[in-house]
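Peer 1: Can you read through this structure? Questions will come right after.
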Number of protein chains: 2
Amino acid sequence: MSELPTPDQLEVRLRRVGAERYHHLHPFHHLLHTGKLNKPQVQAWALNRYYYQSQIPRKDAAVLGQMDDAALRREWRERIIDHDGDAEGEGGILRWLKLATGLGLDADYVRSTKGILPGTRFAVDAYVNFCRSKPLLEAVASSLTEMFSPDIIGQRVAGMLQHYDFVSPEILAYFNKRPVQAKRDSDFALDYVKTHARTVADQQAVIAALEFKCGVLWSQLDALHFAYVEPGHVPPGAWKPEA
Amino acid sequence: MSELPTPDQLEVRLRRVGAERYHHLHPFHHLLHTGKLNKPQVQAWALNRYYYQSQIPRKDAAVLGQMDDAALRREWRERIIDHDGDAEGEGGILRWLKLATGLGLDADYVRSTKGILPGTRFAVDAYVNFCRSKPLLEAVASSLTEMFSPDIIGQRVAGMLQHYDFVSPEILAYFNKRPVQAKRDSDFALDYVKTHARTVADQQAVIAALEFKCGVLWSQLDALHFAYVEPGHVPPGAWKPEA
């Protein structure tokens, strides 16, 4: 039987998952922030990622709904508030919609999610279902990709502003708040899993949950890359750039 | 308000969905049956598709479990029997495993599904979840891609035998039984949806279910194509051909 790694050793192992599997390594991310995409390709990214953003509060409700403790729930509730805002016209989902419309997409079309790739839908839905069906510890662990997001956001925003004349700081305003929110949220979640993963099996499940989530993010970029970077690969029914 | 199309008009509409969205149109299918893939690429196809096969009885149990009528259930039960067989060493899943091992993959590795693409897993799980969460009519309609499978199977088997020296009729034995089973099953399912889709909304839901399912199949080939046809795109953790 293996000895239980310490919480800090677990953290090292989780950070290694990020170093090896987070989507900062994906070629589409590289193309995006180095200015190698054209406007329709950036639009496709914004359109598809809107679906991810729009489902986050449903995912977080599944996690919150598993929590037995009001203090925990209050903490987790912040995530839902961040995304949904306090009133119409606020919140992270709305800010992402503004990113998409700032790039020239129609708001109703984006909100309808009619044009997203099947691969986007299946990956995002897999994430929501994971959090609905897995134990709380694993559901919390699946959020830990946020440990790695401040870096990728910095790279993405700086690169996009430098390389694309159709991008402005206003369009990318979604990202202003994310690094602080992500740091707060992932500090909390990391502390939670370090405290609550009390067996080798727990730790393995935590690592597997983070690997799963890296797959959710990675496979969204796979779908985008295949459909919109190579010509001729847009699946039937998905958004097509105007010719 | 639109007039209700006749059952036969609904069938025409469903066949058009197939003509426009079924994966016989996917470039990966074309590469596969025209001999343009190498052995590792065919192995990747077999490895990933195993996961799809392996989940079919769980999907069919979700459908069967919604049926109120023993005669219906007996009909649908055939699908589960086809895939699981009557004893160890029988059934469609086992025949697909033999296809994979006949191509040189390790049986335990294939069965573990450890090396499949995230895109495969998310698409297949989306199908199972669709049949668990949607009304019976839509769950039945999502199986209607089988209307189109006898043609694609014929093309695939003939093409693979002609072009790949590592493929034999024994390896492809899985497909021997499928056209007859698929015809029997899709005749039944088509008759069911033509009889039970009694409103415009029902018919639209049936069409949307078939479109959804086409997306499930299509997006599996997208994931394969992106990961294994272009070099350098295998996601972290997925099966890599030996160098």
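The values are calculated or read from the model by the stated rules, or taken from the named source; none is laboratory data. Every value quoted in this text rests on a predicted model; they were computed, and no experiment measured them. Reconstructed Cβ throughout: ideal geometry from the backbone, glycine too, with neighbour counts over all protein chains shown. Heads up: the accessible areas ignore ligands, DNA and RNA and are worked out on the full protein's heavy atoms, side chains in. Shrake-Rupley method; radii C 1.70, N 1.55, O 1.52, S 1.80 Å.
Peer 1: If you go through the range A:9-35, how many residues are free of Cβ contacts under 8 Å to residues at least 40 places away in the same chain and among the aromatic types (F, W, Y)?
Peer 2: Qualifying residue count, the range A:9-35: 0.
Peer 1: Please report, ordered by residue number, the helices (runs of 4 or more DSSP H) entirely within the range B:130-243 with at least 2 residues that are among the β-branched types (V, I, T).
Peer 2: In the range B:130-243, B:149-163, B:174-196, B:200-224 are the helices (runs of 4 or more DSSP H) which contain 2 or more residues that are among the β-branched types (V, I, T).
Peer 1: Next question. Filter the range A:192-226 down to residues that are small (G, A, S), more than 7 Å from every other protein chain (Cβ to nearest Cβ) and crowded, with 16+ Cβ neighbours inside 10 Å, then give me how many there are.
Peer 2: Going through the range A:192-226 one residue at a time, the tally reaches 3.
Peer 1: Let me ask you something else. Considering (1) over 28 Å from A:H33 (Cα atoms); (2) of a type outside the set (D, E, K, R); (3) open to solvent by less than 10 Å² (accessible area, probe 1.4 Å), say which one A:G159 fails and leave the rest.
Peer 2: (1)
Peer 1: Name the residues in the range B:85-111 that are of a type in the set (D, E, K, R) and modelled with pLDDT under 95, would you?
Peer 2: Within the range B:85-111, B:D86, B:E88, B:E90 qualify.
Peer 1: Now a separate question. When the residues of the range B:228-243 are narrowed to those that are small (G, A, S) and surrounded by 17 or more Cβ atoms within 10 Å (Cβ to Cβ), which ends up farthest from the other protein chains (Cβ to nearest Cβ)?
Peer 2: Taking the candidates together, the pick is B:A238.
Peer 1: What do you reckon, is A:R73 free of Cβ contacts under 8 Å to residues at least 60 places away in the same chain, at negative phi and charged (D, E, K, R)?
Peer 2: yes
Peer 1: Going by the conditions given, is A:R121 out of contact with any helix residue (DSSP H, G or I) (no Cβ under 6 Å at 6 or more places or on another chain) and in a helix (DSSP H, G or I)?
Peer 2: Considered against the rule, which asks whether it is out of contact with any helix residue (DSSP H, G or I) (no Cβ under 6 Å at 6 or more places or on another chain) and in a helix (DSSP H, G or I), A:R121 comes out as yes.
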